[in-house]
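No value in this document is a laboratory result; all are computed from the given coordinates. Remember, it's a predicted structure, so these values are computed and weren't measured experimentally. In this analysis, Cβ positions are derived from the backbone assuming ideal geometry, glycine residues included, and neighbour counts consider all displayed protein chains.
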Amino acid sequence: MRAAAGDGRPAVRLAVTLGDPRGIGPEVARAATHAWKHDNPDGSVVFVGPDPSTDEPADEYISVGAWEPSMPVDAAGAVAGRAIETAVELVRRGHADALVTAPIDKAALNAAGYHFPGHTEMLAALTGAPVVTMMMTAEATALGGPLRVVLATTHVRLAAVPGLLTRELLVDQTRVTADALRHQWRIPQPKLAICAFNPHASDGGLFGDEEARIMTPAIEALRAQGVDVSGPIPADTVFIRSIRGEFDAVIAPYHDVGMAAFKTASFGQGVNVTLGLPFIRTSPDHGTAIDIAGKGVADPASMLEAMRLAAQLASAGHEHAMTR
């Protein structure tokens, strides 16, 4: 039986993958875990990654391979890939309440035979989730907050976006977002906005037709299904309107239009959340930073926020289950 926290709720147990062993993932995970456990003495953490160091703050450690200085790219990718597979099984079998992933090197992952653009797509394949959504969230930002940004298309070249952006995609991504905000964030009636694709939302067709041809029909379909969604709203205003509290999340049509706004408002405090999985998954909003690994300068703030949010959402899930 799982131990209870001081308030009687089940204590949260996090599975944390350490990411690419050549990067800053292991060190920010260790630093963040020290801080998280200080504030959550009833919680526990299991690390999944390369062979442990001599000083590990985790309650349990599952090794999936050795770490060596100057290890080959494919070997590093294999360690990272096995860690993800192992941690997913831990959560799916109920041995952890949520998954927190340190950054991976996508090239290394692919060199090891894991042919995915990133965590999001690999987790979808491992779980069989039909629709997953990449949401960047900062529950507080430099301008106030919060800001939550969903990327309708993720790691693809910009020229491919017009062919991938469809009415069905926007409907699916927005519905998954609305469901997550209701059940995990406990927002009864989420208010969502769809960010325009073209400048000024195409200005009545002067700069493109994606708004009229794709976005407006998607919004009409969503409203017919009871989803509170506005748009399409130009990118130069929708994010600040969300930060000021008008919307609970913004659906961005492609990666950089969402990420540029998000990181400007919340760099170092942002968290990547995968919606649509059968469990909670969070990750920091930065990469592997191999160039500064081991130098003692990596900032664990985003990793700590990822752990805090994972625990918060997992606790909300416990409460939801107990009240059903």
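How do 78-89, 281-292, 118-129, 94-105 rank on mean C-beta neighbours within 10 Å, highest first?
Going by the mean number of other Cβ atoms within 10 Å, highest first, we get 94-105, 78-89, 281-292, 118-129.
Over segment 47-97, what lengths in whole Å, largest first, do the semi-axes of the equivalent ellipsoid take, defined as the square roots of 5 times the eigenvalues of the alpha-carbon gyration tensor? Working shown, then result.
Working: eigenvalues 90, 45, 6 Å².
Equivalent ellipsoid semi-axes, largest first: 21, 15, 5 Å.
How far apart, in nm, are two points set 7 Å out from the Cα along the Cα-to-Cβ line at residue 92 and at residue 224?
Roughly 3.6 nm, to one decimal.
For the chain, give me the percentage of DSSP beta bridges that are antiparallel, rounded to the nearest 5 percent.
Here the antiparallel bridges make up roughly 35 percent for the chain.
Between segment 18-34 and segment 102-144, what is the separation of their alpha carbon centroids in Å?
Measuring centre to centre over Cα atoms gives 17 Å.
Taking each pair of distinct Cα atoms in segment 131-276 once, what is the resulting Kirkwood hydrodynamic radius in Å?
Taking the inverse mean of 1/r over all distinct Cα pairs, segment 131-276 comes out at 14.9 Å.
I want to check the label-to-label distance for residue 142 and residue 60. Put each point 7 Å from Cα in the C-beta direction and report it in nm to one decimal.
4.1 nm
Cross-link partners among aspartates and glutamates for residue 191, C-alpha distance below 17 Å, same-chain residues fewer than 8 apart left out?
Straight-line reach from residue 191, under 17 Å: 139, 172, 179, 220, 228, 246, 248.
Where a Cα-Cα gap under 26 Å defines reach, which lysines qualify for residue 37, not counting those fewer than 8 residues away within the same chain?
295
For 202, 266, which order do you get if you count the other beta carbons within 10 Å of each Cβ and list the fewest first?
Numbers: 202 20, 266 26.
With the fewest neighbours first, 202, 266 line up as 202, 266.
At 222 nm, what helix-only mean residue ellipticity would the chain give, in deg cm²/dmol to the nearest 500, using -39500 (n - 2.57) for each DSSP H run of four or more?
-12000 deg cm²/dmol
Tell me which residues come under 5 Å, amide H to amide H, from residue 281 once H is placed; ignore anything under 5 positions away on its chain.
HN-HN under 5 Å from residue 281: 99, 274.
How would you rank 215, 307, going from fewest to most other Cβ atoms within 10 Å of each one's own Cβ?
Least to most surrounded, the residues fall as 215, 307.
Quick one: check the C-alpha center-to-center distance for segment 168-199 versus segment 266-321, whole angstrom.
20 Å
Rg over Rh of the chain, using C-alpha atoms and the Kirkwood radius, what does it come to?
0.98
Looking at segment 131-276, send over the antiparallel percent of its DSSP beta bridges, to the nearest 5.
Bridges in segment 131-276 are about 50 percent antiparallel.
Using the number of other C-beta atoms within 10 angstrom as an exposure proxy, rank 303, 134 with the fewest first.
Ranked by crowding around the Cβ, least crowded first: 134, 303.
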